[in-house]
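Written out below as structure tokens is the structure these notes cover.
Please treat every number below as a calculation from the coordinates, not as lab data. All values derive from a computational prediction rather than experimental measurement. Because the Cβ atoms are built from the backbone with ideal geometry, glycine has one as well, and the counts that use them run over all protein chains shown.
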DNA sequence: CAGCATCCTACCGGATACTG
DNA sequence: CAGTATCCGGTAGGATGCTG
């Protein structure tokens, strides 16, 4: 119904070879998703972002930003001052993607209690099936 | 503006310790996203899903489905027949999540040409800066 | 401050073989 | 058919040290 091919679109993420898979992974990856989410709030410097995205290492933030910049989702603005100052912000394309992403993130956050109770149910049912030291 | 804390929500994916991070990773992970996307089209048997999600291994599909079932996003219906028949489908919660996810996937698919041209631009600019053999 | 280079480990994930 | 169990390589990703 909403499939890419059915709409005649040239890119279909369900195909192994489609380049959209790579970009989707940059966008939804562990740090990509949080970085885009953070940047939706505005422009940030490198270390500001690092503090905002709790737990990300310097290396991974750097890699993530490069991938997102390469995909045209993030704009990097470096000022040749001393000390250096670099600001990151979303491009129009990045904003478009980030909005969909945030809708997803907020949906998960909102329904988190249901998820946690589902987990308890699942684990209890399993524990019942495997009495001891499963 | 759209931050979890600013809305007074109890779960904030930007915090390292928040359980919503784990669920978000199940949902947006390499195979989780494609599996949810596929299941949005209807109910599927295990091997139907495997064919639909091009490239997924038996092992990863199995793991992915278990994680999604545990999080209450997927319902597993096993019939004790021989040969066995197991059907997977989204729960109402899963449908809610999958719709947001598909909006994101389709957005990426739609704008894929812009992504690819951004990549070419990025790579050319880099190549110009590093004349030969980096 | 804003990174890059290096090292090292955990685990993601594919291939294969086996079970009910 | 619908999985589980095992082995194994590649890489994601953390820690550390250095640069401009």
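For the reader, a short list of remarks on this structure follows.
- The lone exception for residue A:71 - which of (1) exposed (fewer than 11 other Cβ atoms within 10 Å of the Cβ); (2) at the interface with another protein chain (Cβ under 8 Å from one of its Cβ atoms) it fails: (1)
- Some residue of the range B:47-57 being under 12 Å from the mean Cα position of the chain (by Cα) and within 7 Å of chain A (Cβ to nearest Cβ): yes
- Filter pass, residue A:36 being more than 10 Å from chain B (Cβ to nearest Cβ), more than 10 Å from DNA strand C (Cβ to nearest atom) and under 11 Å from the mean Cα position of the chain (by Cα): yes
- Answer from B:49, B:102 - the residue that is within 30 Å of residue A:73 (Cα to Cα) and in a helix (DSSP H, G or I): B:102
- Within the range B:74-109, the set of residues being surrounded by 20 or more Cβ atoms within 10 Å (Cβ to Cβ), within 11 Å of another protein chain (Cβ to nearest Cβ) and in contact with a strand residue (DSSP E or B) (Cβ under 7 Å, 6 or more places away or on another chain) comprises B:74, B:94, B:98.
- Criterion applied to A:72, A:42, A:55, A:32 was being in a loop (DSSP other than H, G, I, E, B) and within 10 Å of DNA strand D (Cβ to nearest atom), and the one residue passing it is A:55.
- Among the residues making up the range B:13-33, those that are closer than 17 Å to residue A:35 by Cβ and more than 7 Å from chain A (Cβ to nearest Cβ) are B:18, B:21, B:29.
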